[in-house]
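Worksheet: the structure to be examined is printed underneath.
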Amino acid sequence: MSEEAPTPGTRSFDALRRSEELFRSVVEQLPALTYITDAEGNTTYVVAEQVNRLFKLTEAERTQDADVRWEQRLHVEDRERVLAEWDEAVATGQSHQTEYRMTRGDGRTIWVRDTESVVRDQQGGFVRRQGLIFDITDLVEARERAADAEERFRSLTEQTPAVVYRDAADAGEAIYVSSAVETLLGYTL
């Protein structure tokens with residue numbers, strides 16, 4: 001028995017229209033780029049305003065095919081890896097998540113986290129891929145600053161003629177001990 005589509009003017013049609021409007025409103029306000037692709041990896045749905053907001057597209061790019069535009073915006077150092085990961089995910093029908101750089105229309109390089117999942121029907125057959133691309137530039141830059149600070153700290157403590165150490169607050173175990181412990185106290189690290 002097949003269900004008939006709601007007809008205009010009925011309560012079920014109006015409820016469906018309100019539900020679709022609500023869904024569209026929620027999706028369009030996400031702080032991410034939302035996309036859907038088919039079995040071959042071709043984009044079938046993307047919110048244009050999210051693309052423009054994330055990638056700062058030029059006027060000419062706004063009319064380009066979404067897949068061509070995405071591939072062109074991949075950072076040259078990440079392109080081969082990202083395309084290989086995408087091809088494998090499409091070939092195997094698996095979901096995937098990856099981080100990579102993109103070049104925006106204004107020339108700025110940003111980092112993104114691309115998370116997509118495969119939607120299957122009740123028999124396990126492929127229906128579509130749906131994903132979100134988040135701008136994680138601030139997170140990546142914070143990681144880099146933390147790594148730089150850690151390196152400066154290590155460099156400073158290794159050159160200081162004193163034993164520098166850091167204990168865990170709750171366990172009293174040493175988290176870090178500088179190499180000066182060997183020369184000043186005779187203990188190995």
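Some points to look at:
- Normalised per residue, the accessible area of the chain is 68 Å², obtained with a 1.4 Å probe and no contribution from ligands, DNA or RNA.
- With θ taken as phi - 60° and the Karplus curve 6.51 cos²θ - 1.76 cosθ + 1.60 applied, the whole-hertz 3J(HN,Hα) list for region 117-126 is 10, 9, 9, 10, 7, 5, 8, x, x, 5 Hz, x standing for glycine and proline.
- Tyr45 long-range amide H proximity, modeled H, under 5 Å: Ile36
- Residue-by-residue Karplus 3J(HN,Hα) for region 45-51, coefficients 6.51, -1.76, 1.60, Hz, glycine and proline x: 8, 7, 8, 4, 5, 5, 4
- Of the solvent-accessible surface of region 25-90, computed with a 1.4 Å probe over protein heavy atoms with every protein chain present, carbon and sulfur atoms account for 51 percent.
- The helix-based estimate of mean residue ellipticity at 222 nm for the chain, built from -39,500 (n - 2.57) per DSSP H run of four or more residues and divided by its residue count, is -13500 deg cm²/dmol to the nearest 500.
- Computed about its Cα centre, the charge dipole of the chain is approximately 440 debye, with only Lys, Arg, Asp and Glu carrying charge at their Cβ.
- Val27 sits among other residues whose Cβ lies under 12 Å from its own Cβ, and their net charge, with Lys and Arg +1 and Asp and Glu -1, is -3.
- Selected from Asp14, Asp167, Asp67 as most flexible by GNM, with the chain as the system and alpha-carbon contacts under 10 Å: Asp167
- What the phi angles of region 78-86 give under the Karplus curve with 6.51, -1.76 and 1.60, with θ = phi - 60°, is a coupling list of 10, 3, 4, 5, 5, 5, 5, 4, 5 Hz, glycine and proline written as x.
- 15 Å beta-carbon shell around Asp121, net charge (K/R +1, D/E -1): +2
- Gyration tensor (alpha-carbon) shape descriptor, the chain, a/c threshold 1.5: prolate
- Anisotropy class of region 21-130 from Cα gyration tensor, a/c 1.5 cut: oblate
The values are calculated or read from the model by the stated rules, or taken from the named source; none is laboratory data. Only a predicted model underlies this, so the values are computations on that prediction, with no experimental measurement involved. Using ideal geometry, Cβ is built from the backbone for each residue, glycine included, and neighbour counts are taken over all protein chains shown. With ligands, DNA and RNA removed, areas are computed over all heavy atoms of the protein, side chains included. Shrake-Rupley method; radii C 1.70, N 1.55, O 1.52, S 1.80 Å.
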